[in-house]
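A.B. asks: Sharing a structure with you now.
Coordinate-derived values only; no laboratory data. The structure displayed is predicted, hence computed values, not measured ones. As a convention, Cβ positions derive from the backbone with ideal geometry for all residues, glycine included, and neighbour counts pool all protein chains shown.
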Amino acid sequence: MDNKQLTRHISGQFNAELEAIRNKVLAMGGLVEQQLEQALDALGTLDVELAQKVIEGDHRVNGMEVDIDEECTRIIAKRQPAASDLRLVIAISKTIADLERIGDACVRIAKAAMEKRSNNQQPLLVSIESMGRHATRLLHSTLDALARMDVESAIELHKEDAKLDKEYEGIIRQLMTYMMEDPRSIPGILDVLWAARAVERVGDRCKNICEYVIYYVKGRDVRHVSYEEMEKD
């Protein structure tokens, strides 16, 4: 086999490895999206069995993170990627960390669903469920942008997190009002608060993943820049 044939063979094998790891990330994203949907369903219906299923399923998310992270390390050590290939591996490594954190947020929401509620807390749960559906749509769209490495979509979705933050702030104001009116409700309200915070963090993680997409495609770190700078070619 001459040098050109060897180069093509190695390059093709490397491309296959990158594609395989990319598919694993998307599979992990699909699992996390399912976990979030089930956690919110459990919260909306106070379904303890479904909540427990979400909690028990978190080990699968954790296992996928470890597996993909080890694969990233192996690729860097063996292939010594450069330029866009290296950016892809780095983006994947960071993405799976954020997906794992979303999995943790799902567990927090599921645990909130397992707590006993008083009647006056039900409207708060409805508010969180509505916010949660927004977060679910954001996660789904973010994973789609990741699959297509779509910079324009990533930038628009990055902005969407601000809307989720406003919903969270509205829920916090509601929670403060309930606690001031009835101090006895504080322990239960705190559980609701942690669930709302978990949903808000899903938006933050999606925002991070959008930044990784932009980093891979444009080769620029946009974590601390304005949207005007982000949108520049």
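A.B. asks: With n ≥ 4 as the cut-off for DSSP H runs, can you work out [θ] at 222 nm for the chain, using -39500 (n - 2.57) per run divided by the number of residues, rounded to the nearest 500?
C.D. replies: Counting only the DSSP helices, I get -31000 deg cm²/dmol.
A.B. asks: Oh, and also: Quick one: which of 73-82, 171-180 comes out on top by average Cβ neighbours within 10 Å, and what's the full order, highest first?
C.D. replies: 171-180, 73-82
A.B. asks: Counting pairs on different chains as well as pairs 8 or more places apart, how many Lys pairs in the chain have Cα atoms under 16 Å apart?
C.D. replies: 8
A.B. asks: Under the 0.36 nm per residue contour assumption, what length would be gained going from the current alpha-carbon distance of GLN34 and ARG148 to full extension?
C.D. replies: That works out to 39.0 nm of additional length.
A.B. asks: Say each of SER84 and ILE186 gets a label point 7 Å from the Cα, pointing the same way as Cα to Cβ; how far apart are those two points in nm?
C.D. replies: So the label points at SER84 and ILE186 sit 5.7 nm apart.
A.B. asks: Here is a further query. Counting only Cα atoms, I'd like the Rg/Rh figure for the chain, Kirkwood definition for Rh.
C.D. replies: Looking at the chain, the ratio lands at 1.07.
A.B. asks: FRET efficiency for ARG220 and LYS53, Cβ-Cβ distance as r, R0 = 35 Å, nearest 0.05?
C.D. replies: 0.30
A.B. asks: Still on this structure, I have one more. Using +1 on the beta carbon of Lys and Arg, -1 on that of Asp and Glu, and nothing else charged, what's the dipole of the chain about the Cα centre, debye to 20?
C.D. replies: Taking the Cα centre of the chain as origin, the dipole is about 320 debye.
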